[in-house]
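Readers should treat all values here as calculations from the given coordinates under stated rules, not as data from a laboratory. Everything quoted here is computed from the prediction, not taken from an experiment. With ideal geometry, Cβ positions are generated from the backbone for all residues, glycine too; neighbour counts draw on all protein chains shown.
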Amino acid sequence: MEAPPNRGFLAHAHTFLVCFGGLYALFLVPLATPVFQRNVVYLHNVRWPINANFNLPEKYGLPPFKTVNFNMTTSDDVRLGAWLVLSDQFYQSHTASAVPTVPFTDAEVQQALTAHPTVLFFHGNAGNRAFGFRVASYSALSSRGANVLVIDYRGFGDSEGYPSKEGLGKDARAAWDWLSQRGVEPQNVLIMGHSLGTAVSSMLAAELSSEQITPRGLVLAAPFTSMFELVETYSFGGVVPVLGPMRTFPWVMRFIKRFIQHPFDTASIITTVKSPILLVHAKDDSEIIPTHSSNLFSALLEPHLPPFPFTPKELLDPSFTQSRWSEIQDVSQRRKAATEQLVKNAEVEGLGQLREFEREGAGKVVHLETIRGGHNDVVNLEGVIDLLEKETSFGRLSV
Ligand SMILES: *[C@@H]1O[C@H](CO)[C@@H](O)[C@H](O)[C@H]1NC(C)=O
């Protein structure tokens, strides 16, 4: 008898699947251990640029003496490395020759902090504050007149310690307090985060709101709703869906989520933030898909809509009646009408899709989905910087 012609192929495919499945399991299991999970979430040991010399910001493209390298200490005594990139207006007006030849004095730096607003910038995971695309953001922001303060979280760059959700929260607060101690008014600080930094920014903004402190605004570039939702959609480097394959097995997903040690639940705290909020996300972001921003926008809009009083369980109940069904249709229609009345939409030719609504006593919520920019360069688009300037006047001192 002849063997089926493709038997060899099937046997190989089978071996391949078993091996691949085995390797995948070998990757998933250690993910539950604190050290491995920390390294995967924060990627703080991806030390890029390698052996960065933070004393020499010029090496990474910043102009001579425009950036002050310094240390700050958190409330739990962790030393963090930080850069203060001075406002370009300040830099130009305080430079007599073509380029400065000596560093600015402490008094001059203080003057820059008093005379110009500051963008408090929280970067994403992996690498440190000298990473090229991040430096491009400081340049873009400072060229519009703002100082830019950026820290490396604990465990990143030249900062001490190791990262955790609580730790990063303390780091953000230390940076905020550093500014307040130098007399910088909350209204002159724009909090801005990218990727993982959006979760950190939101925690800080929510904490400040609970103390009735209102910063100029909160900008979230390429944010995610929560770590629970992110693990389902996250794609490493935009290529390798880390847990994507497990989505077909909801019980595996539920099991995995029990092990998440760094929840970062922006969606549940964002509505407490009492300053204007800008969400910026590129359509072609393959690392964190743009749906995360739309969902944050929806979360912010939700309290302004007629409540949807049905739980998913109720909807699936077989004893569901016709009259309940009409109620659902009715409430859905009222929600749709309220959304249309509140939310203004605009297509910005060549840039993307803009949506916004006004929250009484808390300022605007603006959502821009850009056509391009990917995960890392979305804040470096000139059009995005323009929108930020228009919505928050971040380069100008508020009176
Ligand atoms: C920050 O602190 C570390 C450790 O004490 C020190 O080596 C480094 O020179 C400090 N950096 C600055 C800019 O003072």
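What to note about this one:
- Projecting the Cα positions of Thr114, Phe224, Val68 onto the charge dipole of the chain (unit charges on Cβ atoms of Lys, Arg, Asp and Glu, taken about the Cα centre) puts Phe224 furthest along the positive direction.
- Relative to its residue count, segment 3-62 spans a Cα convex hull of 140 Å³ per residue.
- Segment 277-338 and segment 19-54 have Cα centres lying 35 Å from one another.
- The count of lysine pairs in the chain that are at least 8 places apart or cross chains, and whose C-alpha atoms lie under 28 Å apart, stands at 26.
- Fully extended contour minus Cα-Cα distance, from Ser298 to Glu389, at 0.36 nm per residue: 30.4 nm
- Full extension of the chain segment joining Ile213 with Val239 gains 5.3 nm, where the gain is 0.36 nm per residue of separation less the Cα-Cα distance.
- Whole-number percent relative contact order across segment 43-392, with pairs defined as alpha carbons under 8 Å at least 6 apart: 15
- Positive-pole candidate from Met203, Leu17, Val273, dipole of the chain, charges at beta carbon: Leu17
- Seen against the Cα atoms of the chain and their longest principal axis, helix 382-392 is set at about 70 degrees.
- With the cut-off at under 12 Å, measuring from each backbone N in segment 24-57 to a point 7 Å along the Cα-to-Cβ line of Gln261 picks out 30-42.
- Placing a label point 7 Å from the Cα of Asn345 along the Cα-to-Cβ line, the residues of segment 278-301 whose backbone N sits under 16 Å from it are 294-295, 297-298.
- Theoretical ellipticity at 222 nm over the chain - DSSP helices of four or more residues, -39500 (n - 2.57) apiece, nearest 500: -12500 deg cm²/dmol
- Positive-end residue, the chain charge dipole about Cα centroid, Cβ charges, pick of Phe320, Leu387, Thr214: Phe320
- Counting only DSSP beta bridges with both residues in the chain, the antiparallel share comes to about 50 percent.
- Counting Cα-Cα pairs of the chain in 20 Å increments starting at 0 gives whole-percent bin shares of 25, 52, 19, 4, 0.
- Sites Ser319 and Arg372, calculated FRET efficiency, Cβ-Cβ separation with R0 51 Å, nearest 0.05: 0.55
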